[in-house]
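Structure record follows, encoded as structure tokens.
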Amino acid sequence: MAVMLDQLGFFLQQLPTATCKMKFWVPKNPKPNSSNRKYKKHKKNSSYLPAIRKQERTRSFDGFNMHSLENSLIDIMRAEQDSLKDGFPDDDRAEQGLTGLGSPHCFPHQNGERVERYSRKVFVGGLPPDIDEDEITASFRRFGHLFVDWPHKAESKSYFPPKGYAFLLFQDESSVQALIDACIEEDGKLYLCVSSPTIKDKPVQIRPWNLNDSDFVMDGSQPLDPRKTIFVGGVPRPLRAVELAMIMDRLYGGVCYAGIDTDPELKYPKGAGRVAFSNQQSYIAAISARFVQLQHGEIDKRVEVKPYVLDDQLCDECQGTRCGGKFAPFFCANVTCLQYYCEYCWAAIHSRAGREFHKPLVKEGGDRPRHISFRWN
């Protein structure tokens, strides 16, 4: 076990994710459709859902004085489809406005330590079409200080989420817990009622990101080799690490780890992932495919697959002797190479017949090592 942890620690130090929480418990028969988080049936407090009478709290949405559940679910599904098409692009400049919100608070763990359970960034879908930013803020302000964001918000200068969904960026992680507790669970999804000038108490979908879903160790007995790791671009943000691992293992076999890249501040998925294989055959099969169709539940998206490139590797040909000990800036993804090269060795090796058309993969920051601290469960 100690050897495995050392190997896992070395592997994680090569990865770009600024914060990573590993889950070492692996179920004997993991189910892709199962969820790590178990939502209890929440009590419907009238302060959260003012239009619901006490005798109606155990009924379905059809008893509410609002649009039918069918129409509301159609709105939510449309918002999800639009967001999946866009890959949930985040507006970095909008998120920069969060710097004054301060550090998040954490919930106490059973051993007395304070740990976070959820990202402070929450997806909300199926919003009323006429609800603006101020009204969204007012609807969720009771849970804590927040900032409302949506893709390309700064460029569009719009006060209305254009596709019926937005992101709630809370100051404190405890606000996310309070929001979850106020939600109604229906078919494994969370809903909360919000109102706009023309629509009263419309159920919208609340989708928090559980931090435990960012990493999944599928086979803890296998060493994690960065050179048998692929980068998966365009990963839909609802997809969890366990689901990514299952999809890749079904396609190529030999998966021992999968991770979802998250941003360092909010720990919310960035739309990319990593998968480590236990054998060279599965790794080469994956990078040779170049594109993969990710299908899981409502998700059906074609994503790009390529070798994961490290930025702190010496040239495999000269071990840094021909480049002053600098890290190799180039990686050749062709299956006849699969090596790191300095500029001198790249030119020398790829001037040979049959290799002149190889294209290098380049990662920024090749001359400087990356030092990242990780927090473990």
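Ignoring ligands, DNA and RNA, please state the percent of accessible area on segment 176-284 from carbon and sulfur, probe 1.4 Å. All intermediate terms of the calculation are to be shown ahead of the outcome.
Numbers: 1490 of 3090 Å².
That share works out to 48 percent.
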Considering only C-alpha atoms, what is the centroid distance from segment 237-299 to segment 134-157, in Å? 31 Å
Residue 356-residue 134 pseudo-label distance in nm [points 7 Å out on the Cα-to-Cβ vector]: 6.7 nm
Pairs 267/359; 270/306; 228/301: which are spaced more than 22 Å apart, C-alpha to C-alpha? 267/359; 228/301
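Give me the number: length gained by fully extending residue 251 to residue 349, i.e. 0.36 nm times residue separation minus the C-alpha to C-alpha distance, one decimal in nm. Show your work: numbers first, answer last.
Details: separation 98, 0.36 × 98 = 35.28 nm, distance 3.29 nm.
Between residue 251 and residue 349, full extension yields 32.0 nm more.
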Listed residues 324, 342, 313: farthest to the positive end of the dipole of segment 311-365 (Cβ charges): 342
Taking 0.36 nm per intervening residue step and subtracting the Cα-Cα distance, what contour gain separates residue 293 from residue 221 on full extension? 23.1 nm
Per residue accessible area of segment 214-307, 1.4 Å probe, in Å²: 35 Å²
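State in Å² the accessible area per residue of segment 118-211; use a 1.4 Å probe, count heavy atoms of protein chains only, and round to the nearest integer. Don't jump to the answer; show the numbers that get you there.
Numbers: 3240 Å² over 94 residues.
Per-residue accessible area for segment 118-211 comes out at 34 Å².
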Measuring from label point to label point, each 7 Å out along Cα→Cβ, what is the residue 186 to residue 198 span in nm? 2.1 nm
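The values are calculated or read from the model by the stated rules, or taken from the named source; none is laboratory data. All of these numbers come straight from a predicted model, not from anything done at the bench. Don't worry about glycine lacking a Cβ; one is built from the backbone with ideal geometry, like all the others, and counts go over all protein chains shown. Accessible surface areas use protein heavy atoms only, side chains included; no ligands, DNA or RNA. Shrake-Rupley method; radii C 1.70, N 1.55, O 1.52, S 1.80 Å.
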